[in-house]
Amino acid sequence: MFRDRRKLIPWYFALPGLLWLLVFFLLPLVNQVGVSVMSGDPEAGYDLTWSFSNYSDAIDQYWPQIERSLVYAFAATVIDLAIAFPLAYFIAFKAGRWKGFLLLMVVLPFFMSQVLRTVSWQLILTDNGWVVSQLKGIGIVGDEGRVLATSWAVIGGIAYNYLPFMVLPLYASLDRLDRRLIEAATDLYASRPTAFRKVTIPLATPGIFAGSLLCFIPATGDFVNAALLGSSKQYMIGNVIQTNFLTVLDYPTAAALSFFLIGLILVGISIYSALLGTKNLTEVAG
Amino acid sequence: MSSAAVTTPGIASATGEIRFDAVTKRYGEVTVIDDLSLTIEPGTFYALLGPSGCGKTTTLRMVGGFELPTEGNIYLDGADVSHLPPNKRDVNTVFQSYALFPHLTVLKNVMFGLERRGVGKAEVQRRATEALDAVELGHLAERKPTALSGGQQQRVALARALVNRPHALLLDEPLGALDLRLRRQLQVEIKRVHAEVGITFVHVTHDQEEAMTMADVIAVMNRGRIEQAGSARDLYDTPQTAFVANFLGQSNLIDATVTGTDGEWTVVQTHDGVKLKAPTDRVAATTGKLAVGVRPEKVWIWDRIEEADAGERENKLTARVTSSAFLGVSMEYRVETAAGDELIVTVQNNRRNASPPYANGTEVELSWAPEHTFVVAVGADV
C-alpha cells in the first residue's frame, strides 16, 4: 500500500502539466476534429454530420496554397540553415568571451512581437523606399517591379523570423562538440575540410535536425509574413485557415485544413528522421 | 596482444627519430617552452614527466602538429616538420580520454586513418579488423565507442593509431582516466606493444611511477625546460637538480656548500657546519646554490645509546624523531636535525626481531654510506 503510494508521487508532479495539456490541447483538438466533419453554413450553424468530404473538398480547393506553404517553408529552412551554420559555428568556436553577447543578439528580436518585426520589413521593402530604389538602380528589380508582394519577400520574411530557431540548436550541438575529436581527425590524416565533413557535420546532425524542425513546422503554418509582405498570390495555408476561421466563418473547412497540415507535417518528420537516422542521433546525444 | 597484426612486415628497423632544435613556444607574453633542444632516438620509449603546466603536453602537441613552435625547428626522421599540419605528419596520437568518434562504430574508428590515406577498401577492412583482433576487441567491432568500458576504449584508441603504422606514437596521458588496477595492466600492455612495433613512443605523464615502469628514457620537465633526461635509474641515483630529486621519488636535501675535493671524493659542508662526503661523480654542481641529498631508504637510523660502537660511520647527523608512520613494508620516520632540517627516513620491516619503533622525541643518530650521497643545484623552485 505504502509502496504503491510512493509510485504515484511522480504522477502528482506531472499532474499540472497533464491537466494543462488536457484542457488546452487535447479538448480543443478533439473538439476541432468534430468541427472538421460538420456541415452547415455560418447563419444556420453547423451540425455534426461526419461529412469527411470536407477534407477532400478543402484539399482540392486550396491545393495551390498547401503546395506553396511547403515550398516557402522548405526554402526558408534551407536559407536559415545556410546562414545559421556558419554563424553558430563562429559563436561556438571563435567568439571567445563574446559568446554570451552574440547569443543575446541572436535572440534579441524575440523581445519584439513578430507582427511588429514583419511590419518593419514591410516599411523597409516598401515600393518607394530606399532599398527598392537601390535595387532598381543596379538592375536587380525592373523599373516597374516591386519587392513586396513577391515570393522572395515572403520567403525572406519567414527566413528572417525563424532564424533564431535554427541558430540556437545548432549552437548547442556545436558548442558541446569535443575539440579533440577534430584534432583526432586531423591526426588521422584528414584535412581540415575532411574533418569538418566527417566529424563536425555528423556530430552537429542533432542540431541540424532540431533546428530544421523548429523552423519548418511553424513556417509551414505561418500567415503573418504572407499577409504583410505578400499579396493574395503569395497566400499560404495559414492565411486560408485564418480567413476561413475568422472572416468567412467556414469552421469545418478551416479545421479540416488544420488537421491535414498536422498530418502532412507528421509524415514529413517521420521521413526526415528516417533519412537522418534518429536512432544514431539519440546515441550521439547520449 | 599478438604481435602479428600490429607489427608491420615492411618496417624492419626502428623509425621515429624526433629532434627539437632550439624550440620556443610562446602564447602572447607567456613562454611555455623555453629554448628546448632534445633528440629522441628511434625506437625509444620516451616519457615526458613533469607537473601540470611544465610544458610536457605542449611539447607533445608540437610533435603531433596541433601546436606550432614560435621559434626553432622540429625534425621527424630528419625531415623538418615544424610547420606541417597534423594530417601531413607520420605520427599518430592516443589522446587523453581517447577522443574516439562517437558517431562511428569501433571498426569505423580504426578504419578512419587508413581511409584518408587512400588505402584500398578491402585492405582497410582487413587491416582494421586485424588491429582490433590484436587488442582483443574484434567481437566489439560493430559497437559504438560509448558502449565500451574505459579500458576497452583505451585499446581502441591504441589500435586506431597503430593501424596506420606511424613513425612515432604520441601518448597524451592515456591512462589518466583509468583506475589504478587497470592502469597497471595497461602500462604493461603498452610496453609490450612498444617492444613489438619497434617505433618511437612519446608518453606524457605526471605520474613518476608510470614513467619509471614504462620508459627507456625519462625527461623531467619544469617550467618549459628539461631539467634532466636519462634512465629511471640515472635520474633516481644521480639527480642533477633539487627539482628532479624531489619529483622522482623522495629526497632529503640540506643546503650545503662544496668545501674541497680529493679526486674520488668531494667534501661538502651543510649550512650548520657538518661535513659530509659525496662521490665526486655524483656532484652535479659545485657553485651556485647547492644542496646535499640522500634518499630516505639509504639512511640508517640509530638509537643514541648505541652510539658507542658506531665510531667508524661517516656522514652522520644527529636528529630527533618528530613523527612515524607504519606503511606495511616499511616504517617512515620524520626527523628534525639539530640544525632544524626536516628529513625522512624509511626503514624496511625485514628484521627478524624488529625492535619497537622509535617513539616521538627520541634522540637518534642518522648515518648513510658516502657513496649514496649526491649534490644537486637548487633552482628557483624546489
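The values are calculated or read from the model by the stated rules, or taken from the named source; none is laboratory data. Everything numeric here is computed off the predicted structure, so don't read it as measured data. Cβ atoms come from the backbone with ideal geometry, glycine included; neighbour counts cover every protein chain shown. Side chains included, ligands, DNA and RNA excluded: accessible areas come from the protein's heavy atoms. Shrake-Rupley method; radii C 1.70, N 1.55, O 1.52, S 1.80 Å.
Based on what the data block shows, is B:G151 open to solvent by less than 10 Å² (accessible area, probe 1.4 Å) and in the same structural domain as B:M214 (by TED's automatic domain parsing)? Give the derivation first.
Working: open to solvent by less than 10 Å² (accessible area, probe 1.4 Å): yes; in the same structural domain as B:M214 (by TED's automatic domain parsing): yes.
Spelling it out, B:G151 is indeed open to solvent by less than 10 Å² (accessible area, probe 1.4 Å) and in the same structural domain as B:M214 (by TED's automatic domain parsing).
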**Request:** Check whether at least one residue in region B:132-143 is modelled with pLDDT under 95 and within 8 Å of chain A (Cβ to nearest Cβ), and report yes or no.
**Result:** no
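Which one of these is under 27 Å from B:N246 (Cα atoms) and open to solvent by less than 10 Å² (accessible area, probe 1.4 Å): B:V156, B:V202?
Working: B:V156 fails: under 27 Å from B:N246 (Cα atoms).
Checking each option against the conditions leaves just B:V202.
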**Asked** What is the one condition in (1) modelled with pLDDT of 90 or more; (2) assigned to a loop (DSSP other than H, G, I, E, B) that B:G288 does not satisfy?
**Response** (1)
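Kindly establish whether A:E183 is open to solvent by 10 Å² or more (accessible area, probe 1.4 Å) and under 23 Å from A:I208 (Cβ atoms). Can you show your working first?
Details: open to solvent by 10 Å² or more (accessible area, probe 1.4 Å): yes; under 23 Å from A:I208 (Cβ atoms): yes.
For A:E183, the condition - open to solvent by 10 Å² or more (accessible area, probe 1.4 Å) and under 23 Å from A:I208 (Cβ atoms) - is met.
Mind checking which residues of region A:33-70 are of a type in the set (S, T, Y) and either within 26 Å of A:G268 (Cα to Cα) or not in a strand (DSSP E or B) (or both)?
Initially, region A:33-70 is screened for residues of a type in the set (S, T, Y), giving A:36, A:39, A:46, A:49, A:51, A:53, A:55-56, A:62, A:69.
Passing the criteria: A:S36, A:T49, A:S51, A:S53, A:Y55, A:S56, A:Y62, A:S69.
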**Prompt:** Which of the residues spanning region A:123-139 are closer than 17 Å to A:N225 by Cβ and open to solvent by 60 Å² or more (accessible area, probe 1.4 Å)?
**Reply:** A:L123, A:I124
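Could you please let me know if A:A226 is touching a residue at least 40 places away in the same chain (Cβ under 8 Å), buried (at least 20 other Cβ atoms within 10 Å of the Cβ) and assigned to a helix (DSSP H, G or I)?
Working: touching a residue at least 40 places away in the same chain (Cβ under 8 Å): yes; buried (at least 20 other Cβ atoms within 10 Å of the Cβ): yes; assigned to a helix (DSSP H, G or I): yes.
Against the criterion (touching a residue at least 40 places away in the same chain (Cβ under 8 Å), buried (at least 20 other Cβ atoms within 10 Å of the Cβ) and assigned to a helix (DSSP H, G or I)), A:A226 qualifies.
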**Asked** Quick one: in region A:165-178, which of the residues that are touching a residue at least 12 places away in the same chain (Cβ under 8 Å) and open to solvent by 20 Å² or more (accessible area, probe 1.4 Å) is nearest to the chain's Cα centre (by Cα)?
**Response** A:F165
**Complete:** Taking region B:211-226 and keeping residues in contact (Cβ under 8 Å) with a residue 40 or more places away in the chain and not small (G, A, S) leaves B:M214, B:D216, B:V217, B:I218, B:V220, B:M221, B:N222, B:R223, B:R225, B:I226
**Matching entry among A:T278, A:T205 (being out of contact with any Phe, Trp or Tyr (no Cβ under 6 Å at 6 or more places or on another chain), more than 16 Å from A:L81 (Cβ to Cβ) and at pLDDT below 95)** = A:T278
**Request:** State all residues of region B:33-54 that are part of a strand (DSSP E or B) and either surrounded by fewer than 20 Cβ atoms within 10 Å (Cβ to Cβ) or not β-branched (V, I, T) (or both); if no residue qualifies, say none.
**Result:** B:D34, B:D35, B:L36, B:S37, B:L38, B:T39, B:F45, B:Y46, B:A47, B:L48, B:L49
**Message:** Just to check your reading of the model, which residue among B:V220, B:V268, B:V193, B:V204 is in contact with a strand residue (DSSP E or B) (Cβ under 8 Å, 6 or more places away or on another chain), in the same structural domain as B:A22 (by TED's automatic domain parsing) and either within 20 Å of B:R295 (Cβ to Cβ) or part of a helix (DSSP H, G or I) (or both)?
**Reply:** B:V220
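Anything in region A:166-192 that is part of a helix (DSSP H, G or I) and either among the hydroxyl-bearing types (S, T, Y) or within 11 Å of chain B (Cβ to nearest Cβ) (or both)? List them, or say none.
Correct list: A:Y171, A:S173, A:R179, A:R180, A:L181, A:I182, A:E183, A:A184, A:A185, A:T186, A:D187, A:R192.
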**Asked** Restricting attention to region B:327-338, which residues are open to solvent by 40 Å² or more (accessible area, probe 1.4 Å) and in contact (Cβ under 8 Å) with a residue 40 or more places away in the chain?
**Response** B:A338
**Request:** Have a look at B:L182, B:L158, B:L235 and point out the one that is touching a helix residue (DSSP H, G or I) at 6+ places or on another chain (Cβ under 8 Å), in a helix (DSSP H, G or I), touching a residue at least 40 places away in the same chain (Cβ under 8 Å) and not basic (K, R).
**Result:** B:L158
**Complete:** If we ask which residues in region A:193-209 are more than 11 Å from chain B (Cβ to nearest Cβ) and either in contact with a helix residue (DSSP H, G or I) (Cβ under 7 Å, 6 or more places away or on another chain) or open to solvent by less than 10 Å² (accessible area, probe 1.4 Å) (or both), their number turns out to be 3
**Asked** Which condition does B:I218 not pass, out of (1) within 19 Å of the chain's Cα centre (by Cα); (2) surrounded by 24 or more Cβ atoms within 10 Å (Cβ to Cβ); (3) farther than 26 Å from B:D34 by Cα, if it passes all the others?
**Response** (3)
**Message:** Tally up the residues in region B:127-148 that are surrounded by fewer than 22 Cβ atoms within 10 Å (Cβ to Cβ) and part of a loop (DSSP other than H, G, I, E, B), please.
**Reply:** 7
**Request:** Take region B:235-272 and flag every residue that is in contact with a Pro (Cβ under 8 Å, 6 or more places away or on another chain) and among the hydrophobic types (A, V, I, L, M, F, W, C).
**Result:** B:A245, B:F247, B:L248, B:W265
**Asked** If a residue has to be surrounded by fewer than 18 Cβ atoms within 10 Å (Cβ to Cβ) and in contact with a helix residue (DSSP H, G or I) (Cβ under 9 Å, 6 or more places away or on another chain) to count, how many in region A:229-241 make the cut?
**Response** 2
**Request:** Considering only region B:77-100, state which residues are open to solvent by less than 60 Å² (accessible area, probe 1.4 Å) and more than 14 Å from every other protein chain (Cβ to nearest Cβ).
**Result:** B:G78, B:A79, B:S82
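Within region A:229-248, can one find any residue that is within 14 Å of chain B (Cβ to nearest Cβ) and part of a helix (DSSP H, G or I)? Outline the logic, then answer.
The first filter runs over region A:229-248 and keeps only residues within 14 Å of chain B (Cβ to nearest Cβ), leaving none.
No - not one qualifying residue is present in region A:229-248.
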**Prompt:** Looking only at region B:59-75, which residues are more than 14 Å from chain A (Cβ to nearest Cβ) and under 16 Å from B:H203 (Cα atoms)?
**Reply:** B:T59
